[in-house]
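Engineer: For reference, the structure I am asking about is given below.
The values are calculated or read from the model by the stated rules, or taken from the named source; none is laboratory data. None of the values given here were measured: they were computed from a predicted structure. Here the Cβ positions follow ideal geometry from the backbone for every residue, glycine too, while neighbour counts run over all protein chains shown. Heavy atoms of the whole protein, side chains included, go into the accessibility calculation; ligands, DNA and RNA do not. Shrake-Rupley method; radii C 1.70, N 1.55, O 1.52, S 1.80 Å.
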Amino acid sequence: MAVITVSRQVGSLGTEMAQAVAERLQYEYVDKEKIAKALATYGLPEPELEKFDEKKPPFWDSWQVQRKKFLHFLEAVIYDFAKKGRVVIVGRGGQVLLRDLPGVLHLRVIAPFELRVKRFLAEKGGDEKQTARLLRRNDRDSEGFIRTFFDMNWDDAALYDLVLNTQKISLETGVAMILQGAQSREIGEGEKQSRGKLAAMALIQKVEATLLGVLGVDVRHVSAQVEQGTVTLRGSVPAPGDKERCEKAVVALEGVQKIDNQILITEYYRFGS
């Protein structure tokens with residue numbers, strides 16, 4: 001019942017390993033496309049998600065509210081997939097979002113750049129120089145995504161339980177190593193401890209994203225807490241209507257059993273009025 005996250009370089013055989021492991025274990029395989037479909041259920045249509053794909057940092061400078069909303073829903077989607085267990089999650093910061101949870105095996109697959117270029121050309125064809133530029137841009141964008149959203153280093157070995165360099169390790173050998181780790185006693189026991197925690201983690205992200213949609217930048221004055229399906233809202237808003245809209249939006253979320261709305265109304269007066 002393990003959860004496996006896979007971070008990989010293009011041409012490292014990481015995608016192939018993730019797919020093979022999911023097939024062998026009969027786990028759900030969660031990739032970019034499946035995550036995009038899940039995000040679309042929260043009002044983030046797939047065409048719009050290209051704006052929120054793995055991009056290098058400067059792209060995000062003028063997208064602060066959108067970025068925060070996307071991140072909240074991305075976390076909720078990852079947590080929802082993980083809480084079910086028996087899943088392989090590829091990319092999208094899974095190694096960061098789930099790093100402190102027991103029962104999760106974090107995998108990193110790498111290979112020398114020249115070898116990755118040769119593999120890509122053998123599979124896709126094309127021009128060698130153009131392929132090299134493509135792989136370098138992909139590496140920069142993936143590193144930038146992790147750095148921008150999570151302030152973490154994509155290449156930090158401490159984020160991973162197992163780092164495989166496929167220069168000398170075959171696809172089959174790599175899969176066997178991953179299977180051994182995923183089926184270990186430590187991972188199996190830890191997964192049971194994380195399931196309930198993941199449900200609460202997913203719900204709080206949905207609540208915070210929903211509040212952001214209601215209040216915009218004013219969401220900084222409001223906080224939310226989730227405990228066993230009860231959502232407690234605290235903070236202040238400038239008008240009674242804002243308090244009511246927050247409660248109405250949050251109570252409609254799946255998983256919310258009860259809401260304790262402690263938000264205060266703070267009226268602002270202009271000088272001279």
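Engineer: Keeping all protein chains in place, calculate the accessible area per residue for the chain (probe 1.4 angstrom), answer in Å².
Structural biologist: Using a 1.4 Å probe on heavy atoms only, each residue of the chain averages 53 Å².
Engineer: Run the numbers for Phe113 and Asp156: contour at 0.36 nm per residue of separation, minus the present Cα-Cα distance, in nm. Numbers along the way, then the final one.
Structural biologist: Details: separation 43, 0.36 × 43 = 15.48 nm, distance 1.76 nm.
This chain segment gains 13.7 nm when fully extended.
Engineer: Right, next: Which of these values of semi-axes √(5λ) of the Cα gyration tensor in Å was calculated from the structure shown: (i) 32, 22, 20; (ii) 49, 21, 20; (iii) 39, 23, 14?
Structural biologist: Computed from the coordinates, semi-axes √(5λ) of the Cα gyration tensor in Å corresponds to (iii).
Engineer: Give the range of the longest stretch in the chain that excludes all chymotrypsin sites (Phe, Trp or Tyr not before Pro) found in loop regions by DSSP and having at most 11 other beta-carbon atoms within 10 Å. Don't skip to the end; give the middle numbers.
Structural biologist: Working: sites that count: Tyr268, Tyr269, Phe271.
Longest gap between qualifying sites, sites excluded: 1-267.
Engineer: Could you list the trypsin sites (Lys or Arg not before Pro) in the range 93-179 that lie in coil according to DSSP, counting only those with at most 14 other Cβ atoms within 10 Å of their Cβ?
Structural biologist: Values: sites: Arg99, Arg108, Arg116, Lys118, Arg119, Lys124, Lys129, Arg133, Arg136, Arg137, Arg140, Arg147, Lys168; in loops: Arg99, Lys168.
Answer by residue number: Lys168.
Engineer: Have a look at the range 173-250 and give its Rg and Dmax from the Cα atoms, expressed in angstrom.
Structural biologist: When restricted to the Cα atoms of the range 173-250, Rg and Dmax are 19.2, 62 Å.
Engineer: Related question: Just tell me the longest site-free run in the chain, where the sites are GluC sites (Glu not before Pro) in a DSSP loop having at most 13 other beta-carbon atoms within 10 Å.
Structural biologist: Numbers: sites that count: Glu254, Glu267.
Longest gap between qualifying sites, sites excluded: 1-253.
Engineer: Just to verify a number: FRET efficiency for Glu227 and Arg136, C-beta to C-beta distance, R0 = 51 Å, to 0.05? Walk me through the numbers before you get to the answer.
Structural biologist: Numbers: r = 46 Å, r/R0 = 0.91.
The calculated FRET efficiency here is 0.65.
Engineer: Here is a follow-up. Tell me the label-point distance for the pair Glu16, Glu33, using the 7 Å Cα-to-Cβ offset, in nm and rounded to one decimal.
Structural biologist: 1.9 nm
Engineer: How high is the FRET efficiency from Ala239 to Gln64, r the C-beta distance, R0 41 Å, rounded to 0.05? Don't jump to the answer; show the numbers that get you there.
Structural biologist: Values: r = 23 Å, r/R0 = 0.57.
Efficiency, rounded to the nearest 0.05: 0.95.
Engineer: To check you understand DSSP bridge types, tell me what percent of the beta bridges within the chain (both residues inside) are antiparallel, rounded to 5.
Structural biologist: That works out to approximately 20 percent antiparallel.
Engineer: Exceeding 20 Å between C-alpha atoms, which entries from my cross-link table qualify? They are Lys32/Lys83; Lys84/Lys206; Lys32/Lys129. Working shown, then result.
Structural biologist: Values: Lys32/Lys83 18 Å; Lys84/Lys206 17 Å; Lys32/Lys129 26 Å.
Table pairs above 20 Å Cα-Cα are Lys32/Lys129.
Engineer: Moving on to the next point. In what sequence, largest accessible area first, do Leu211, Leu134 appear using a 1.4 Å probe? Intermediate results must be reported in sequence, preceding the final value.
Structural biologist: Values: Leu211 5, Leu134 65 Å².
My answer, sorted largest first, is Leu134, Leu211.
Engineer: Can I ask one more? Of the accessible area of the chain, with the probe set at 1.4 angstrom, what percent is carbon plus sulfur? Spell out each step's value before the answer.
Structural biologist: Values: 7190 of 14550 Å².
Ligands and nucleic acids excluded, carbon and sulfur reach 49 percent.
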